[in-house]
Amino acid sequence: MKNSAYLFAMEVDRQIEELSSADDLRHLNRGKLLQEEILPISRLALHLKQPGLEIEVEAFENNGEADGHIRITGFREDEFNVQVTCDFTHEEALRKELLVSKGYTPGAGDIHRDKKSGQIVATSAATDFDEHIFRVSQSVIKLFQKKVTKPYNENTVLIIAFDNVKLYGHHYWRQLFDLLEKAGGLSGSRFKAIYLFNNATNEFQRAA
């Protein structure tokens, strides 16, 4: 798939909207590729778009070394590959599905799908108010450390994607970056740049 930033994003959104509820919420079949790879690439292209710049974006969809490619022309010119890694857990997918189907979902506690009925069973649990920030920071560091061991081209931008509806706004992002810094940060790699993308809130932040 290849197009300008806006047209590319429109096509990605159209394809996601046409997914079945199961493929969308559980990241199955085409839904997995769209949600975990193509959507983050499209949102990075939109993040970089501004007047005076044309953004051409491509998703390769071939399990190659790079997941996509972005070319920028205009008053600033650049071109680079894009690699996406993500942590969309089964538990978070179940919470999202329960929220859509029932209108509510516990933010913490055990959650699973009953094998007999197919229904989602969830119990609430008390946690620290910022527990989700700590959990996301651990996931981001783990994904980063895994990627830096691989010999990616130096002209590659890394997107680390996650899905957390409670991580929203400057306050929580500041907490996340503080925890990442205490864990050693995301600098010192061969990647051209590193971005964090919260799929649940559609927020992009550059981390390195």
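Inspect all residues belonging to the stretch 141-158 and state whether any of them is among the polar types (S, T, N, Q) and loosely packed, with under 12 Cβ neighbours inside 10 Å.
Of the residues in the stretch 141-158, the ones among the polar types (S, T, N, Q) are 145, 149, 153, 155-156.
So of that shortlist, the ones also loosely packed, with under 12 Cβ neighbours inside 10 Å come out as 149.
Yes; the residues of the stretch 141-158 include at least one that is among the polar types (S, T, N, Q) and loosely packed, with under 12 Cβ neighbours inside 10 Å.
With respect to TYR168, is the statement that it is farther than 27 Å from GLU65 by Cβ and surrounded by fewer than 17 Cβ atoms within 10 Å (Cβ to Cβ) true? Yes.
In the stretch 127-170, the residue that is farthest from ALA208 (Cα to Cα) out of those that are more than 17 Å from the chain's Cα centre (by Cα) and among the polar types (S, T, N, Q) is THR127.
Counting the residues of the stretch 14-46 that are without any contact (Cβ under 8 Å) to a residue 12 or more places away in the chain, in a helix (DSSP H, G or I) and more than 14 Å from the chain's Cα centre (by Cα) gives 5.
Would you check which residues across the stretch 106-148 are of a type in the set (Ser, Thr, Tyr) and at pLDDT below 75 and list them? Within the stretch 106-148, just THR127 meets the criteria.
Among the candidates GLU65, GLU37, GLU79, which residue alone is crowded, with 16+ Cβ neighbours inside 10 Å, of a type in the set (D, E, K, R) and within 23 Å of TYR152 (Cβ to Cβ)? So that I can check it myself, show each step before the final result.
Values: GLU65 fails: crowded, with 16+ Cβ neighbours inside 10 Å; GLU79 fails: crowded, with 16+ Cβ neighbours inside 10 Å.
Checking each option against the conditions leaves just GLU37.
Of all residues in the stretch 47-58, which are within 19 Å of the chain's Cα centre (by Cα) and either under 15 Å from ASN199 (Cβ atoms) or assigned to a strand (DSSP E or B) (or both)? Give the derivation first.
Taking the stretch 47-58 and keeping what is within 19 Å of the chain's Cα centre (by Cα), we get 47-49, 57-58.
If the condition is that a residue be within 19 Å of the chain's Cα centre (by Cα) and either under 15 Å from ASN199 (Cβ atoms) or assigned to a strand (DSSP E or B) (or both), then HIS47, VAL57, GLU58 are the ones that fit.
Regarding the stretch 41-61, can at least one residue be identified that is closer than 24 Å to ASP163 by Cβ and modelled with pLDDT under 95? Within the stretch 41-61, one or more residues are closer than 24 Å to ASP163 by Cβ and modelled with pLDDT under 95. Report yes if VAL100 is under 23 Å from LEU28 (Cβ atoms), modelled with pLDDT of 95 or more and either of a type in the set (Gly, Ala, Ser) or within 23 Å of the chain's Cα centre (by Cα) (or both), otherwise no. Considered against the rule, which asks whether it is under 23 Å from LEU28 (Cβ atoms), modelled with pLDDT of 95 or more and either of a type in the set (Gly, Ala, Ser) or within 23 Å of the chain's Cα centre (by Cα) (or both), VAL100 comes out as no. Of the residues LYS147, LYS182, the single one that is charged (D, E, K, R), in contact (Cβ under 8 Å) with a residue 60 or more places away in the chain and out of contact with any helix residue (DSSP H, G or I) (no Cβ under 7 Å at 6 or more places or on another chain) is LYS147. So which residues in the stretch 3-13 are touching a residue at least 40 places away in the same chain (Cβ under 8 Å), among the small types (Gly, Ala, Ser) and part of a helix (DSSP H, G or I)? Answer for the stretch 3-13, where residues must be touching a residue at least 40 places away in the same chain (Cβ under 8 Å), among the small types (Gly, Ala, Ser) and part of a helix (DSSP H, G or I): just ALA5.
The values are calculated or read from the model by the stated rules, or taken from the named source; none is laboratory data. From a predicted model like this one, the values you see are computed outputs, not experimental measurements. Heads up, the Cβs are rebuilt from the backbone with ideal geometry, glycines too, and the neighbour counts pull from every protein chain shown.
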